[in-house]
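S.K.: Could you have a look at this structure, given as structure tokens, before my questions?
The values are calculated or read from the model by the stated rules, or taken from the named source; none is laboratory data. The shown structure was predicted, so the numbers you read here are calculated from the model rather than taken from an experiment. A quick note on method: Cβ atoms are made from the backbone with ideal geometry, for glycine too, and the neighbour counts reach across all protein chains shown. Quick note on the areas: whole protein, heavy atoms, side chains included, nothing else; ligands and nucleic acids left out. Shrake-Rupley method; radii C 1.70, N 1.55, O 1.52, S 1.80 Å.
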Amino acid sequence: MTADNITLPLLPLKSGVVLPGMVFTMALESEEARAAAEAAGSVGGRLLLVPHIEGRYATVGVVSEIVEQGGLPGGLPAVVVRGDARATIGTGVPGTGRALWVEAEPVGETPSAAPVVAELAREYRAVLENILLSRGAGRMAAQLREVTDPGQLADLSGYSPDLTLVQKVQVLETLDVEQRLRLVLGWARDTLADLALRERIKTDVEQGMERTQREFLLRRQLEAIRKELGELGSGPEGEEPDDYRSKVAERDLPEHVRTALLREVDKLERTSEQSPEGGWIRTWLDTVLELPWGVESDDRLDVAEAARILDADHDGLSDVKERIIEHLAVRKLQAERGLVSLDGRGAGAILALVGPPGVGKTSLGESVGRALGRKFVRVALGGVRDEAEIRGHRRTYVGAQPGRLVRALREAGTMNPVVLLDEVDKLGADFRGDPSSALLEVLDPAQNHTFRDHYLEVDLDLSKVMFIATANIIDTIPGPLLDRMEVIRLDGYTEVEKVAIARHHLLARQAGRAALHPDEVEVTDEALRTIVGDYTREAGVRSLERELGRLLRKVATKLAAGEASAPVRVDADDVRAWLGRPRFFFEVADRTSVPGVVTGLAVTGAGGDVLFVEATAADGPEGLTLTGQLGDVMKESAEIALSYVRSHAAQLGIDPAVFKGKRFHVHVPAGAVPKDGPSAGVTITTALVSLLRAVPVRSVVGMTGEVTLAGRVLPIGGVRQKVLAAHRAGLTEVVLPMRNGPDLEDVPEEVRSAMRFHLAVDIGEVLGPALGEVSGPAAGPTAPPELGDEVPAAA
């Protein structure tokens, strides 16, 4: 042991840290603590206090003096010790009694005159004073000024409740005064910042509560003043029960609606101001009162004027125009003769406009509203998958609101608007419900006079609404829903109709978008026909409008650049210079110039279209290969066609031996487009016969029809769309099943007069006109055969 070292009993501290200058009362709970106190002796004895935190002893302890000995109220012995100086702990040495004696080397602190130490001490004292003052310890802050030694000032951190035991041990083990001051100063700054944040939050909360209480009192006073002045209900809020009672009394409401409103007003009176249910009730009352109960538009009963408006807005579409005029005529007779419905239901209508994109289904709904003199509202249903979009949400849900139909009536402001249910064929269904099933009640004339929205929970009369649904195809519309609608098909426009639409509607609209005056550009009818035939191939007119827009923008560019002068005339020969090379060609002659290729007719979501069926044969295992993404029904049609040709080879002029060792391949371009349906049966049969007889099919002929194993040709659907597609593709002859003859009346007169139709009962009457042989009965445009006409079977 060196001369500077001292030997002292060691007392471990497990629940606290003593720093030099601190006075600390310590209960002697453990045997180890009592042994150390006994070894130190009576008052004035010394011992070494060493923190034992988290399983380890500190490397530095505090030489402490026993100031007082005694017992706690519970009888537990205790001592009061005062820390004198730091000492580094050495090795254990033998000693008296049961205590642990260790060798320690005192660490003296020399006063530092460095300016940085003095500056740190001043800053630390200031931070500590702010902390103490913020906690209401002003007297302790004043006593803090009496501590002048920087080391002692830093050791005062042992009293801080904001430091952990580990932090206090770190202060004890930091022997350099400057480093110790920097350490405790950083912690003190964090504590002061935390206290400032808490104080700011507390102040904000208190101010917010005071503001809320002040506003509550002011509102109560304002309410009392308004009540005394007799002005209750005239304020901007209008949220008191008496306000709603006056609104209910002023409105002409159905009795069941009035009863429901008054019941909710009574509930609002019993609801506390602080209850969120009060806001929900007010929202419901506002929603119900916003509906146009008893408000109806007067129908325009002038049939001639309504017909003029429909004709001015749309060219063609005679079927739907006729149906609207019929509805208006019935309403006129009812008004003139004083007839009313016996059951009190309105005379609404439920129509479904089915047709390819771009034929004017959506715009037609707005035109119908104008013709009838009613408000028009569009409800987009494409992609809707939640039943609540139709019926509304239950009031129990947060953010609940009525369904789209209720919102449509609120937007229209009348109870008898024209409501367009757009894209009804694109409704979805998932775990949230089936919107198409919710529409069953809406579109059923026997039920929609008592339609009940989940949010309103009162009966709503929709029987006076004219519903117009639009769809591209009806295959995806559920049967029960389709059964409730009157289907009107819009199968597309002829070339003449497209030219008229472009002349009367599209040119003026696109000229306005291109900032052109009507007298600055002139597009001839021949140019319009060229654009229709060479740059578009569609049932509607959307692509035509885009091409016209492109043409007029190029004209506007020339005029703006000074490269042309108004008026600019665009003729048929100029179209290529403005729009570039044609995008569509009459390719039927090229495609059908070899045996085994036949032009068929089909119906797609975009309208009618032509498709080519190609057949070939090669050596290999006997059978049939089908390609082109064909569906099951179309595959079966191909199997039937091959079986018929094989079994009737002799009658068809085919050597039966040609089938031996041959594998047939039938392909339907384009391969990326899925195809299905039975109407390609006659086309596949003709392709096989053409291949085996090495006779190409006439390029002007298109065909459609289902074939049986006996060779009978069965009727198909979509005749009008298919014939229009054949006309657009440049075909002049079409082979149809005999029983589809009456459907030719739906084909426009100009198309029927330009084409020849061959009506077939069996496959022999298909092969005649297709292969250039003696044809079967032909139907002209004016006298289509009646349903059930029979033609003698071919060989």
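S.K.: Treating cross-link reach as a plain straight distance, find the lysines whose alpha-carbon is under 30 Å from the alpha-carbon of residue 558, omitting any fewer than eight places away in the same chain.
M.R.: Cross-link targets: 498.
S.K.: Follow-up. When ranked by the protection proxy of mean other Cβ atoms within 10 Å per residue, highest first, what sequence do the peptides 751-763, 22-34 form?
M.R.: 751-763, 22-34
S.K.: Roll a 1.4 Å probe over the protein chains and send me the accessible area per residue for the chain in Å².
M.R.: That works out to 49 Å² per residue.
S.K.: Quick one: which of 332/464; 361/426; 361/722 span more than 18 angstrom between C-alpha atoms?
M.R.: Going by Cα-Cα distance, 361/722 fall outside the 18 Å limit.
S.K.: Nearest 10 degrees, 0 to 90: what angle lies between the long axis of helix 525-534 and the longest principal axis of the chain (Cα atoms)?
M.R.: 70 degrees
S.K.: While we're on this one: Just subtract the alpha-carbon distance of residue 116 and residue 334 from 0.36 nm times their residue separation and send over the number in nm, one decimal.
M.R.: Additional length available on full extension: 68.1 nm.
S.K.: In the chain, what is the volume of the convex hull around the alpha carbon atoms, normalised per residue and reported in Å³?
M.R.: In the chain, the Cα convex hull volume per residue is 404 Å³.
S.K.: Straight-line reach from residue 202: which aspartates and glutamates have Cα under 13 Å away, leaving out those fewer than 8 places along the same chain?
M.R.: Partners found: 194, 210.
S.K.: Name the GluC sites (Glu not before Pro) in the range 591-679 that are in a loop by DSSP and that have at most 12 other C-beta atoms within 10 Å, would you?
M.R.: Filter output for the range 591-679: 622.
S.K.: Using 19 Å as the cut-off for backbone N distance, which residues of the range 54-69 belong to the label zone defined by a point 7 Å from the Cα of residue 25 along Cα→Cβ?
M.R.: Zone members listed by number: 65-69.
S.K.: Considering amide H positions built from the backbone, and no H for Pro or chain starts, which residues 5 or more places from residue 469, or on another chain, come under 5 Å of its amide H?
M.R.: Here 351, 352, 353, 421 satisfy the definition.
S.K.: Residues with amide H under 5 Å of residue 522's amide H, sequence separation 5 or more or different chain, H placed in the peptide plane at 1.01 Å from N; which?
M.R.: Result for residue 522 returns 568, 569, 570.
S.K.: Near the amide H of residue 762, under 5 Å away, which other amide H atoms are found, from residues 5 or more places off or on another chain, if H is placed in the peptide plane?
M.R.: 713, 794
S.K.: Can I ask one more? What ranking of 550, 739 comes out by heavy-atom accessible area, probe 1.4 Å, highest first?
M.R.: 739, 550
S.K.: Each residue of the range 349-366 in turn: what ³J(HN,Hα) in whole Hz from Karplus with 6.51, -1.76, 1.60 and θ = phi - 60°, glycine and Pro shown as x?
M.R.: So the J values, rounded to whole Hz, are 9, 10, 10, 10, 8, 10, x, x, x, x, 8, x, 5, 5, 5, 5, x, 5.
S.K.: Then there's this: Taking θ = phi - 60°, what integer Hz values does the Karplus form 6.51 cos²θ - 1.76 cosθ + 1.60 yield along the range 65-79, in sequence order, with x for Gly and Pro?
M.R.: Taking θ as phi minus 60°, the curve returns 10, 6, 8, 7, 10, x, x, 7, x, x, x, 7, x, 8, 9 Hz for the range 65-79.
S.K.: Kirkwood hydrodynamic radius, computed over distinct alpha-carbon pairs, for the range 525-646: how many Å, to one decimal?
M.R.: Result for the range 525-646, one decimal place: 18.5 Å.
S.K.: Right, here's the next one. Mind checking the angle between helix 241-250 and the chain's longest principal axis? C-alpha axes, 0 to 90 degrees, to the nearest 10.
M.R.: The two axes meet at around 20 degrees.
S.K.: Hey, which lysines would be in cross-link range of residue 14, C-alpha to C-alpha under 18 Å, not counting anything within fewer than 8 residues on its own chain?
M.R.: Cross-link targets: 168.
S.K.: Still on this structure, I have one more. Output the 0 to 90 degree angle, nearest 10, between the alpha-carbon long axis of helix 303-313 and the longest principal axis computed from the alpha carbons of the chain.
M.R.: Taking the Cα atoms of the chain, the angle to 303-313 is about 70 degrees.
S.K.: Quick one: 3J(HN,Hα) in Hz for the range 761-768, Karplus 6.51/-1.76/1.60 with θ = phi - 60°, rounded, Gly and Pro as x.
M.R.: Result, rounded to whole Hz: 9, 9, 5, x, 7, 8, 5, x.
S.K.: If you don't mind, another one. For residue 224 and residue 572 in the same chain, what is the full-extension length gain: residue separation times 0.36 nm, less their Cα-Cα distance, in nm?
M.R.: In short, 117.2 nm is gained.
S.K.: Evaluate the distance, in nm, between pseudo-label points positioned 7 Å from the Cα of residue 149 and of residue 311 along their respective Cα→Cβ axes.
M.R.: Reported label-point gap for residue 149 and residue 311 is 11.5 nm.
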